[in-house]
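Worksheet: the structure to be examined is printed underneath.
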Amino acid sequence: MSIPTSCSTLRLPAGFRSLLEGLVLEVLRAQPTDVVLFAADYFQRLLLRQREDGSVDPMAWGAWLED
């Protein structure tokens, strides 16, 4: 069975890898039973913390780390 391929190359947005690595570490630490719910809560808390602290955007910070 052949699988069609595309000529285009997909690239991750800058900072995406670091953002997901943070989530993975928290999932491994917490061992939640519902990973999807945990991820939604994780990103919600991350966004709220960013807004409240006026801190750096996690995607921008991750992009800076990847450079």
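Identify the residue in segment 17-62 that is at pLDDT below 85 and open to solvent by 70 Å² or more (accessible area, probe 1.4 Å) and, among all such residues, is nearest to the chain's Cα centre (by Cα).
Among those residues, the one meeting the criterion is Trp61.
Scan segment 31-43 and report the pairs whose first residue is without any contact (Cβ under 8 Å) to a residue 40 or more places away in the chain and whose second residue is acidic (Asp, Glu) and surrounded by 11 or more Cβ atoms within 10 Å (Cβ to Cβ), with Cβ atoms within less than 8 Å and a gap of 6+ or a chain change.
Partner pairs satisfying both residue conditions: Phe38/Glu26; Tyr42/Glu26.
The values are calculated or read from the model by the stated rules, or taken from the named source; none is laboratory data. Keep in mind that this is a model prediction, so the values were computed, not measured. Positions of Cβ are generated from backbone atoms using ideal geometry, with glycine treated the same way; all protein chains shown enter the neighbour counts. Heads up: the accessible areas ignore ligands, DNA and RNA and are worked out on the full protein's heavy atoms, side chains in. Shrake-Rupley method; radii C 1.70, N 1.55, O 1.52, S 1.80 Å.
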